[in-house]
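The values are calculated or read from the model by the stated rules, or taken from the named source; none is laboratory data. A quick note: this is a predicted structure, and the numbers were derived from the prediction, not measured. Using ideal geometry, Cβ is built from the backbone for each residue, glycine included, and neighbour counts are taken over all protein chains shown. Quick note on the areas: whole protein, heavy atoms, side chains included, nothing else; ligands and nucleic acids left out. Shrake-Rupley method; radii C 1.70, N 1.55, O 1.52, S 1.80 Å.
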Amino acid sequence: MTDNSSRSVTVERTSTGRFTATNPRGGTLDFGTGAAGDTTFTPVELLLAALGGCTAVDVDVATSRHAEPSRFTVSVAGTKVDDELGQRLTDLAVTFHVTFPDGEGAERARAILPRAVRTSHDRLCTVSRTVEVGTPVATTVEEG
């Protein structure tokens, strides 16, 4: 049996303040420091996107099997603070804006939406679970 639990990305500097993350499947995502005129995502914005994206995937799988949404938007916000614990985000909030048009399965999709959001948050979304549990991060430097 293959162990499918490992996850990884590689981050490579492409220029001053600019980076590309590459996943094992070859997908890439550019990001940067958020300097003036730079429209790429910052690492903090990527964290917010990961929080919203992770739970959005879970909720979409649960609801779209019953009805295709006419609107499916997830807003994610937080407050950046710098205090005795260092720089971090507080007051993280994930808000779903989902609408299903009338039709077959729409009532069922609407009915399970709150439970799907709660289940994703409480159990399924690896990103929000990792943030809430407070998983330690190990950093090392390798020569080369």
With θ set to phi - 60°, apply the Karplus curve 6.51 cos²θ - 1.76 cosθ + 1.60 along the range 34-47 and write out the HN-Hα couplings as whole Hz, x wherever there is a Gly or Pro.
x, 4, 3, x, 8, 8, 5, 5, 8, x, 5, 5, 5, 4
Area accessible to solvent at residue 64, 1.4 Å probe radius, in Å²
40
Listed residues 78, 53, 17; largest mean-square fluctuation, Gaussian network over the chain with Cα springs below 10 Å, found at 17
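Can you tell me the length gained on complete extension of the stretch residue 9 to residue 97, counting 0.36 nm per residue apart and subtracting the Cα distance? Walk me through the numbers before you get to the answer.
On the way: separation 88, 0.36 × 88 = 31.68 nm, distance 3.00 nm.
Value of the extension gain: 28.7 nm.
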Given only helices, namely DSSP H runs of n ≥ 4 each adding -39500 (n - 2.57), what is the per-residue ellipticity at 222 nm of the chain, to the nearest 500 deg cm²/dmol?
-10000 deg cm²/dmol
So, taking all protein chains as they sit and a 1.4 Å probe, how much accessible area belongs to residue 12, in Å² rounded to tens?
120
With axes computed from alpha carbons, what is the tilt in degrees of helix 106-119 against the longest principal axis of the chain, rounded to the nearest 10 within 0 to 90?
40
Considering the chain as a Gaussian network with a 10 Å cut-off on Cα pairs, which listed residue, 94, 131, 76, attains the greatest mean-square fluctuation?
131
So which residue, out of 63, 16, 33, gets the largest mean-square fluctuation from a GNM of the chain using Cα contacts under 10 Å as springs?
16
Of the options 26, 98, 47, report the single residue whose Cα projects farthest towards the positive end of the charge dipole of the range 1-98 (beta-carbon charges: Lys, Arg +1; Asp, Glu -1).
26
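With only alpha-carbon atoms in the gyration tensor, what are the semi-axes of the equivalent ellipsoid for the chain, in Å, largest first? Walk me through the numbers on the way to the answer.
Working: eigenvalues 203, 70, 60 Å².
One finds semi-axes of 32, 19, 17 Å for the chain.
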Note down the relative contact order for the chain as a percent, whole number, built from C-alpha pairs under 8 angstrom at least six residues apart.
18
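Any idea what the dipole of the chain comes to, in debye rounded to 20, about its Cα centre with Lys/Arg Cβ at +1 and Asp/Glu Cβ at -1? Please report the intermediate quantities before stating the final value.
Details: 14 positive and 19 negative charges, 81 e Å.
Computed about the Cα centre, the dipole is about 380 debye.
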